[in-house]
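Okay, structure first, notes after.
The values are calculated or read from the model by the stated rules, or taken from the named source; none is laboratory data. Computed from a predicted model, the values in this text were never measured in an experiment. Note that we place each Cβ from the backbone using ideal geometry, even for glycine, and neighbour counts take in every protein chain shown.
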Amino acid sequence: MKLAPFVSVALAGAALSAPAAASADLRIWQEEPAHPATDPDDVEERYFDLTAYIQPGYIWREDDDETERSVALPVTDDHFWVHRARLGFRTLLYPWLLLRLELETTPSASLTDGYVDFRPMRELSVRIGQYKVPFLRSAAFSESNTAFIDPPLYLPATPDRSFLRYLDARDIGVMLHGVVGDRDFGPAVSYGAGLFLGRGANQTRDDDGVLMLAARVQGHITGVPVGDGVENDLARNERPRIGVGAGVLTNCDDREQFNRGFTVDAEFRYAGIYASAAFVRFKNGPARENVVGQILGYDSDDACAPDPTSPLPDHVAWGAHVQAQYLLPPPVFPVDGQSLEVLVRWDVAQPYEPPEGLLGGDTETAGYIAPSTYDVEADDPPDQWRLTFGVNWYPTDETRLRLGLNYQLRRESEHVLPAGSSGPTIVGVTNDILWLQLTVGL
């Protein structure tokens, strides 16, 4: 068994720093194959990759001073910010065993990904540890590979918003996942299904005694696209790539609410064009006499049983987004080796609505409760929609090296009635954001 000399790999650093659409990490060591395979995908040799990236930036917020005195805005200051600063590694210990570790270092050290992946075959792998929950497509991308600086409104984002707060991107558990079918030309199906603690990242206790169930399936009609792990078409796929997905999730959250959610989404990539759309809906409340809740054990005294002194009302929460991106063609942006991308997204989140119909009731529906603050009340913040315009400059053909500028036009579509107030309601806090961010990574 031959080992690749470390010095040779180190001297190849210049080659690794060159643009390469298929690789974004720094390979420190790789084992040479004793018997080279005819098909490179048939055998994977052991390797060790370093992963790291940093996202410094500046945020300008358009604040409404008059409204601030009446409504508690979560954040109002303009400031420089290191959005993320992460480092880690990925290593293939054996052809069937992968190990991944990543740490966030700002504002304090915390684990993001930490798991082992048992991979006996392409169609079936088993992942154990902390990682992305298989539910939302928009949450599946690494934070270094997203197109917009800020994720869709329905995803929690500290410190600006906490809703839908139970949609944590990561959790601790075990998952089966894989890809079945023709990856190159389609059709192919990717899937993931697992059991999780249901408390989010770095929460190692399960006080309610029940588990979160999450599952997702995505059909790749014309094959898995080149660059499937990034939220753009920087790879400029030569054939249209179409993906359609769906997911389900059940959990008992930290408010003793029985969360029952589903999502549907679609994705398109072709010749520098990327477009996606998604819809997610939850019905939340005590398990009570719900059949699914009884089967899963969510109606036990320690889980999602209603508090007799303060029963949790049933309610509907939902969100959606539609986005489109376009890499300008060479005649428009004639800079060799670089790319300029324009992007636009509309997204909406309605975190607390009376349980009536698909999208919930309105202000005239029985059980409607007006929000009392802009965002401090995590369970009932105002309904919101947002329109984001942006541009990304890629000095190479790697997503992990880019400069992004986003302008967010953000509005509340629900009146706020401050607690204890008998005066007029408050509508339309002025809280637009201009956000500049640099991403630099291996």
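Laid out as a table, the results:
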read-out: Matching residues, the range 120-131, being surrounded by fewer than 21 Cβ atoms within 10 Å (Cβ to Cβ) and either in contact with a helix residue (DSSP H, G or I) (Cβ under 8 Å, 6 or more places away or on another chain) or at pLDDT 95 or above (or both); value: Leu124, Ser125, Val126, Ile128, Gly129
read-out: Verdict on Phe268 being within 21 Å of the chain's Cα centre (by Cα), surrounded by fewer than 22 Cβ atoms within 10 Å (Cβ to Cβ) and not acidic (Asp, Glu); value: yes
read-out: Residues within the range 180-236 that are surrounded by fewer than 16 Cβ atoms within 10 Å (Cβ to Cβ) and touching a residue at least 60 places away in the same chain (Cβ under 8 Å), tallied; value: 4
read-out: Residues (assigned to a loop (DSSP other than H, G, I, E, B), touching a residue at least 12 places away in the same chain (Cβ under 8 Å) and among the hydroxyl-bearing types (Ser, Thr, Tyr)) located in the range 116-168; value: Ser138, Ser142, Ser144, Thr146, Tyr154, Ser162, Tyr166
read-out: Per-region count, the range 370-415, residues without any contact (Cβ under 8 Å) to a residue 24 or more places away in the chain and more than 30 Å from Arg236 (Cα to Cα); value: 1
read-out: Any strands (runs of 3 or more DSSP E) falling wholly within the range 199-317 and containing at least 3 residues that are closer than 20 Å to Arg183 by Cβ and out of contact with any helix residue (DSSP H, G or I) (no Cβ under 9 Å at 6 or more places or on another chain); value: 212-220, 241-252, 258-270
read-out: Count of residues meeting criterion [over 24 Å from Leu155 (Cβ atoms) and of a type outside the set (Gly, Ala, Ser)] in the range 351-372; value: 6
read-out: Residue in the range 428-442 that is surrounded by fewer than 20 Cβ atoms within 10 Å (Cβ to Cβ), of a type outside the set (A, V, I, L, M), modelled with pLDDT under 80 and part of a loop (DSSP other than H, G, I, E, B) present; value: yes
read-out: Residue check, Leu176 more than 30 Å from Arg402 (Cα to Cα), surrounded by fewer than 18 Cβ atoms within 10 Å (Cβ to Cβ) and free of Cβ contacts under 8 Å to residues at least 24 places away in the same chain; value: no
read-out: Residues within the range 271-310 that are more than 29 Å from the chain's Cα centre (by Cα), in contact (Cβ under 8 Å) with a residue 12 or more places away in the chain and within 11 Å of Glu256 (Cβ to Cβ), tallied; value: 6
read-out: Any chance Arg216 is over 26 Å from Gly404 (Cβ atoms) and within 15 Å of the chain's Cα centre (by Cα); value: yes
read-out: Residue in the range 111-123 that is under 20 Å from the mean Cα position of the chain (by Cα) and among the aromatic types (Phe, Trp, Tyr) present; value: yes
read-out: Conditions (1) in contact with a Pro (Cβ under 9 Å, 6 or more places away or on another chain); (2) within 20 Å of Glu231 (Cβ to Cβ); (3) not basic (Lys, Arg); number of the one not met by Ala147; value: (1)
read-out: Residue check for Trp60: under 30 Å from Arg161 (Cα atoms), at pLDDT 75 or above and exposed (fewer than 15 other Cβ atoms within 10 Å of the Cβ); value: yes
